[in-house]
1. For a protection proxy built on the mean count of beta-carbon atoms within 10 angstrom, sort 180-186, 143-149, 81-87 highest first, please.
2. Once both labels are modelled 7 Å past Cα along the beta-carbon direction, what's the Glu86-Thr59 spacing in nm?
3. Please list, in order along the stretch 156-167, the HN-Hα scalar couplings obtained from phi with the Karplus expression 6.51 cos²θ - 1.76 cosθ + 1.60 (θ = phi - 60°), rounded to whole Hz, x for Gly and Pro.
4. Just to check I understand the Karplus step: with θ = phi - 60° and J = 6.51 cos²θ - 1.76 cosθ + 1.60, what whole-Hz values come out for the stretch 63-68, glycine and proline as x?
5. Are any of the pairs Lys68/Lys165; Lys34/Lys175; Lys34/Lys165 more than 27 Å apart by Cα-Cα distance, and if so, which?
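Just so it is clear, none of the values below were taken in a lab; they were calculated from the coordinates. Just so it is clear, the model here is predicted, and its values are computed rather than measured. Cβ placement follows ideal geometry from the backbone for every residue including glycine, while neighbour counts extend to all protein chains displayed.
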Amino acid sequence: MIAALRAHFEQAEASASSSSMAPSTSEVLLFDPKTHSHLLSSFVDIHIACVLHDNLVATFLPPFTIEKRATMIKWWQARFDEVSREQRVIIIGMGSASEADELAGLADDGQQYESEAIRARQDVKTPSSGNQILTGYVCLHKPVSETGPFRGPVEKLLVNPRFRKRGIAREMMDKLEVVARKERRTLLVSQRAFMFLSSQRIGDASVLMIK
């Protein structure tokens, strides 16, 4: 169990329990390049939105020009390719487009993050769930290492600002824990300031054990 990180989640989301927001209907899935590659633009949109919304340091910095966004597209495509080579696992959350519309304008600071550069709203049609959008994601890197094959860096735990305080980050981490155990990655390592949840920073550099 990732006890330390889960404790952070519970503490951060406890303050959100008094909110009038209903529980999220987001579905947590294992990213499959063959099925989900069309979400590439949405990965970038959420990445940008979280950097701006949270002042997050996460690989890329503002300003997010057209050229910068093109670079981020290539960067995320490389991460998708790592999934295809079984060097990375990505857990994604998918929610309804109509729910996102209902949440419009509910960001804590009142700012609108669905601008021309940050839509974070690419609709996805699936036979089972209709119109859906990407609500968040988290990555488990599986580096090749003879000295530490049990290590698993946890990267880019990001949630669309419109879907915060709904337990999505915790659901994705629960899924990641199951996958990490299956992959025998029992020592999870998080990078500094790797996520924000409910507008609250959670964790700097830390090591998390899975029993």
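1. Numbers: 180-186: 16.0, 143-149: 9.3, 81-87: 13.1.
Top to bottom by mean Cβ count within 10 Å: 180-186, 81-87, 143-149.
2. Going by the 7 Å Cα→Cβ label model, 2.3 nm.
3. Per residue, the Karplus-derived 3J(HN,Hα) values read 6, 7, 10, 10, 3, x, 6, 10, 6, 6, 10, x Hz.
4. Along the stretch 63-68, the couplings run x, 9, 7, 4, 5, 5 Hz.
5. Values: Lys68/Lys165 29 Å; Lys34/Lys175 20 Å; Lys34/Lys165 30 Å.
In this structure, Lys68/Lys165; Lys34/Lys165 exceed 27 Å between Cα atoms.
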